[in-house]
Amino acid sequence: MAKNSFQALPGTRDLQSPDTDRMRALVAVFADEVSAAGFGQIVQPMFEDVRVFDRLGEASDVVAKELYAFEDKGGRHIALRPEFTASACRMFAELRPLTPWKAWYSGPAFRYDKPQAGRYRQFDQVGAEVIGSHDPDVDTELIALASRFYQRLGLTDVTLLMNSLGDAADRPRYLDALRGHFEANLDSLSEQSRTTLAVNPLRVLDSKRREDAALIEAAPVLRDYLSDEAASAFARVCDGLDSLGVAYEIAPRLVRGLDYYTRTTFEFAANSLEGAQNAVGGGGRYDGLVADLGGPDEPGVGFALGVDRTLLACDAEGVFDAPETTMDVWVVSTSDGLEALAITEELRRAGLRADRNFDGRSMRAQMKAANRSDAAIAVIIGEDEVADQTVTIRPLRTEGDQVTVARAQLVPAVKEMRQS
Ligand code: HAM
């Protein structure tokens, strides 16, 4: 008879401890930073009406090729979220919270990307959004927050790249110049980029194809086409970063992979990672997105950091180990009764980390497991202990004798030994 055999799908991964401990610890550090800065957590649905993601851009890979979109049993056209910003704006438009609305999130996102190291079809992001303020100091605060987070993880080799994409009104003038530049040199452009050019010339700047590199290098830059307001807002963000001592590089060709951006855009590149997958996070302003999703015309700005890639960068720099998770107590029982069950429960209720063996294994096998577990103490219950209503408590990692105490003294005796 044929036996079924399954593997995790391409671009998905099975994670287990200690990787999961590390991921949880990273999210905890992020949660700590954002809550200390006045952000409240939001939890959004993992799927939305596919049109919520339209504004990410029909010429962006994220929408054109990578969206997990399908029809559900009710005939709705839905998509798994490829990111959180659009659905945060949908949520804002629907719930109309007070502004400025400062929200943070964490969880998986889905993109039908080409799987490779640091590029997955299901990956995790943590991020923060502020909706309802035009103040460029908000941009600065968000960027400083993300840098502080990387610093707290111990990452040192991360470069902040900054650019401004200007306002909606600046865009047509720049797009004309850009289109003119590429059209004058159509023959030297890759075939894919020629297709992209017809839909959105800005996206051509995103091309990583070698044959496009020289032409992209020579292309006009948006900064020369900014309105006075956009230019002074960008200068204010840069001044803010300077005043906080946050180092950055101006990257005039940084356009990011999503279409909703206006004004400030930024990306964090981990220099320890392979070029194409070295963006560990990014973000920017998206004034106009909330209105596009049926909400009031409130501006927005935010960022998202790739959890998986950030952890890869931590590996590459040898920082941010999994937190220690040692057991306090291992319960060893050679009696047939329910004592091990009750004792383990009692220890856990008392706030101790406790584990035990099952399947009636020998004393020797159980002690071996206790030693392997890193538990500091073993609590032993044999026939004698059951008969005398006692427990034996033995230190596993320190010198010192085991003691036998009354069953009722279990928790205080374990705590005392743990402290000694
Ligand atoms: P994004 O640049 O598309 O921006 O994604 C943010 C980060 O998610 C990337 O820098 C990268 O670390 C990670 N990431 C993206 N795709 C993958 C993948 N296939 N595998 C592994 N990691 C990946 C956004 O998503 C925007 N929503 C950021 C934002 C928030 N802008 C304003 N607010």
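So here's what we get for this one:
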read-out	value
Residues satisfying the stated conditions in region 188-209, i.e. modelled with pLDDT of 90 or more and charged (D, E, K, R)	191, 194
Test: residue in region 45-63 that is loosely packed, with under 12 Cβ neighbours inside 10 Å, away from the ligand (no atom under 16 Å from the Cβ) and either modelled with pLDDT of 95 or more or closer than 15 Å to residue 126 by Cα (or both)	no
Residues that are in a helix (DSSP H, G or I) and surrounded by 15 or more Cβ atoms within 10 Å (Cβ to Cβ), drawn from region 30-44	30, 31, 33, 34
Members of region 312-359 found to be farther than 30 Å from residue 144 by Cα, of a type in the set (A, V, I, L, M) and in contact with a Gly (Cβ under 9 Å, 6 or more places away or on another chain), listed by number	332
Within region 1-23, considering residues that are closer than 25 Å to residue 112 by Cα and outside any loop (DSSP other than H, G, I, E, B), the one farthest from the ligand (Cβ to nearest atom)	20
Any hit, region 81-89, residues being within 18 Å of the chain's Cα centre (by Cα) and free of Cβ contacts under 8 Å to residues at least 40 places away in the same chain	yes
Filtered residue count, region 403-420, keeping only those that are over 46 Å from the mean Cα position of the chain (by Cα) and not hydrophobic (A, V, I, L, M, F, W, C)	2
Restricting region 145-190 to residues that are polar (S, T, N, Q) and touching a residue at least 40 places away in the same chain (Cβ under 8 Å), the residue that is surrounded by the most Cβ atoms within 10 Å (Cβ to Cβ)	164
Failed condition for residue 52, given (1) of a type in the set (A, V, I, L, M); (2) assigned to a loop (DSSP other than H, G, I, E, B); (3) farther than 30 Å from residue 315 by Cβ	(2)
Any chance residue 309 is crowded, with 17+ Cβ neighbours inside 10 Å and out of contact with any Gly (no Cβ under 9 Å at 6 or more places or on another chain)	no
In region 404-420, the residues that are closer than 18 Å to residue 340 by Cα and of a type outside the set (D, E, K, R)	404, 405, 406, 408, 409, 410, 411, 412, 413, 414
Every pair of residues 6+ apart whose Cβ atoms lie under 6 Å, when the first sits in region 1-29 and is under 21 Å from residue 322 (Cβ atoms) while the second is surrounded by fewer than 10 Cβ atoms within 10 Å (Cβ to Cβ)	14/8
Flag if residue 140 is among the hydroxyl-bearing types (Ser, Thr, Tyr), more than 30 Å from residue 46 (Cβ to Cβ) and within 14 Å of the ligand (Cβ to nearest atom)	no
The listed residue being in contact (Cβ under 8 Å) with a residue 60 or more places away in the chain and farther than 22 Å from residue 307 by Cβ, out of 121, 96	96
Number of the condition not met by residue 373 [criteria: (1) within 37 Å of the chain's Cα centre (by Cα); (2) modelled with pLDDT of 95 or more]	(2)
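Condition check ((1) out of contact with any Asp or Glu (no Cβ under 8 Å at 6 or more places or on another chain); (2) of a type outside the set (A, V, I, L, M, F, W, C)) across all residues:
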site: 325; (1), (2): no, yes
site: 346; (1), (2): yes, yes
site: 354; (1), (2): no, no
site: 363; (1), (2): yes, no
site: 366; (1), (2): yes, yes
site: 394; (1), (2): yes, yes
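The values are calculated or read from the model by the stated rules, or taken from the named source; none is laboratory data. What you are looking at is a predicted structure, and each value in this text was computed from that prediction instead of being measured. Counting neighbours? That spans all protein chains shown, and the Cβs are built from the backbone with ideal geometry, glycine included.
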